[in-house]
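Scroll down for the structure; my scribbles are underneath it.
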Amino acid sequence: MKHMPYFCRGEVVRGFGRGSKELGIPTANFSEEVVDSFPADISTGIYYGWACVGNGDVHKMVLSIGWNPYYKNVKKSVETHIIHTFDEDFYGEMLSIIIVGYIRPEKNFESLDALIAAIKSDIEVSEKTLEFPEHQKLKHHNFFQKGEASTMANGH
């Protein structure tokens, strides 16, 4: 993937409200402007990488880029599931992510249970793959340094 690693930062906005409620897998959503700033040729699908909310700790994450065929979205979305339990919502906070690699293309599912099972499998892949030393070093990239809060896409 020529765009990897991909660096992005933007404000967390309200999404469809499905991640927590229907799936039990909360996601942080970027605004349309941030989604539109992604390279036009970046493949839709599921990715893994690192995420940091505000000046907090860096955590593993799984990211969906695309149309969410199960829900038949009409607008492309970028939704980050941070593999960490937060005490409260963080709408309006700055989310910084580094997309490290690709897991699979997006696809439709026969049922909500099948979708949830696929997402849980994606989370397992992310958790294992991000343990590799070449991925661990990105967890400590200066992109995540505390105090830097400007909005950017693919800045190093």
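Count charges around Q136 for me, please; just the other residues with Cβ under 13 Å from its Cβ, Lys/Arg as +1, Asp/Glu as -1. Before the final figure, lay out each step's value.
On the way: positive: K60, K128, K137, K139; negative: E127, E131, E134.
Its environment carries a net charge of +1.
Using a cut-off of 15 Å between beta-carbons, work out the net charge of the residues near M61 (Lys and Arg +1, Asp and Glu -1, M61 not included). It would help to have the intermediate numbers written out before the result.
Working: positive: R9, K60, K120, K128, K139; negative: D57, E79, E93, D122, E124, E127, E131.
Every neighbour counted, the sum reads -2.
Which order do the peptides 87-99, 50-62, 127-139 take when ranked by the mean count of other beta-carbon atoms within 10 Å per residue, highest first? The partial results should precede the final answer.
Numbers: 87-99: 16.3, 50-62: 19.8, 127-139: 13.1.
Ranking, from highest mean packing down: 50-62, 87-99, 127-139.
For a distance above 15 Å, tell me the whole-number percent of Cα pairs in region 57-132 that qualify.
Working: 1742 of 2850 pairs.
For region 57-132, the share of Cα pairs beyond 15 Å comes to 61 percent.
I'd like the Karplus ³J(HN,Hα) series for region 119-128: coefficients 6.51, -1.76, 1.60, θ = phi - 60°, whole numbers in Hz, and an x wherever there's a Gly or Pro.
Listing the rounded values in order: 5, 4, 5, 4, 4, 4, 4, 4, 4, 6 Hz.
A 23 angstrom limit on the alpha carbon distance is what I want to check against. Which of K75/K139; K75/K137; K60/K120; K2/K120; K60/K137 exceed it?
Values: K75/K139 30 Å; K75/K137 34 Å; K60/K120 14 Å; K2/K120 27 Å; K60/K137 12 Å.
Check vs 23 Å cut-off fails for K75/K139; K75/K137; K2/K120.
No value in this document is a laboratory result; all are computed from the given coordinates. Bear in mind the structure is a predicted one, so any value in this text is a computation, not a measurement. With ideal geometry, Cβ positions are generated from the backbone for all residues, glycine too; neighbour counts draw on all protein chains shown.
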